Structure formats: structure tokens, C-alpha cells
Amino acid sequence: MKSTFFSVFSTTRQLSVYFLMIALLTVLCIACGPKKKYVGPYLPDEEIAIIKPDDKMFTPVCILSIDKNVPLLIDESSVAVHPGRHTLFLESVLDYPFLDKYLYFNQYLTFNAEAGQVYTLHATILPMKKQGYSWITSDKDPEKIIVKKYAVGIIPLSTYP
């Protein structure tokens, strides 16, 4: 009698663990993809454009909003948009360990996105010149710069979180 009770309890626990694993994997798969930041019906991948920030080590770039009215959350990195003209509001911070101060700039960058393309947003800061610029490349031709804009007003920060 004891063995039957424990075997049923063991089977129930195994099923609970499997269900929990499937639920967690589903949530992780949904959270990892680019966020939809366009108005209208869902479109397949070949009809939208993806914009993602570059992940350089000492000059991270972050997309703060798209088209001046769609803010992004802090945990969002890639976004899906309709093809067409888009304006990104970005922030880039020079986080180099040997500098006394951190340097950063915010900037609007406008470009035309094409369907099926994946775009990467890059930024750099030249600390000696106190200059910076941002540019966008396409994954189909990473050497070709789609748009490039110099930053006006590199701002030193005394502390950065």
C-alpha cells in the first residue's frame, strides 16, 4: 500500500516539474524576441524591419524611443518596426575604466527602414576631442553606413550608475 501511494506522489511531482519547465521555456522564448513597436496588424518577418543596438564594450548605446512618441523599456534591446522613415532617440555613454569622468550624449537619428532588413545602431565617443557620433548599418552590408550623425554637446558626468 505504501509503495502505491509514493509512486502516485512521485509521478504527480514529476508532471508538475515538467509543466513548470515548459512554462518557463515559453516565457523565455517570448521575452527574447524583438518587441513590436508599430501600429497595426501583426506582420511576418519579411515585411518588418528590426533595429538593434550595438553591444560594444566601453561605449554602450541604448535606444530610448522611436518616432518621438514610442518609449522603450530599459530591458528592450531590439525592436520591430514597419518599413519607412523612423526617428530614433538614443543615448551613448563612454564607460572606460581609466577616465575620471564618464562622457555621454543623446541624439535623434532619422533613417529609412526597409522590409526584411536588420539594422544595427552604433555610437562612439572620442574623449580627447570631446566628440561623438552615431551611425546605422544593415546586417546585409555591415560595411555600408546607412546614416551617420555627429553629436553636439558631449556631456561629462561626475558619476554614472
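The values are calculated or read from the model by the stated rules, or taken from the named source; none is laboratory data. Computed from a predicted model, the values in this text were never measured in an experiment. Cβ atoms come from the backbone with ideal geometry, glycine included; neighbour counts cover every protein chain shown. Ligands, DNA and RNA are stripped out before the accessible areas are found, and what is left, the full protein with its side chains, is counted by its heavy atoms. Shrake-Rupley method; radii C 1.70, N 1.55, O 1.52, S 1.80 Å.
Numbers for the structure displayed
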quantity: Among residues of segment 94-126, those that are surrounded by fewer than 19 Cβ atoms within 10 Å (Cβ to Cβ) and modelled with pLDDT under 90, counted; calculated: 11
quantity: Inter-residue pairs, beta-carbon under 7 Å, first within 15 Å of residue 109 (Cα to Cα) and in segment 41-54, second open to solvent by 70 Å² or more (accessible area, probe 1.4 Å) and not in a helix (DSSP H, G or I), 6+ apart; calculated: none
quantity: Residue 79 vs. criteria modelled with pLDDT of 85 or more and open to solvent by less than 60 Å² (accessible area, probe 1.4 Å); calculated: yes
quantity: Members of segment 11-53 found to be open to solvent by less than 50 Å² (accessible area, probe 1.4 Å), among the small types (Gly, Ala, Ser) and at pLDDT below 65, listed by number; calculated: 33, 40
quantity: Residue in segment 129-147 that is assigned to a loop (DSSP other than H, G, I, E, B), of a type outside the set (D, E, K, R) and modelled with pLDDT of 85 or more present; calculated: no
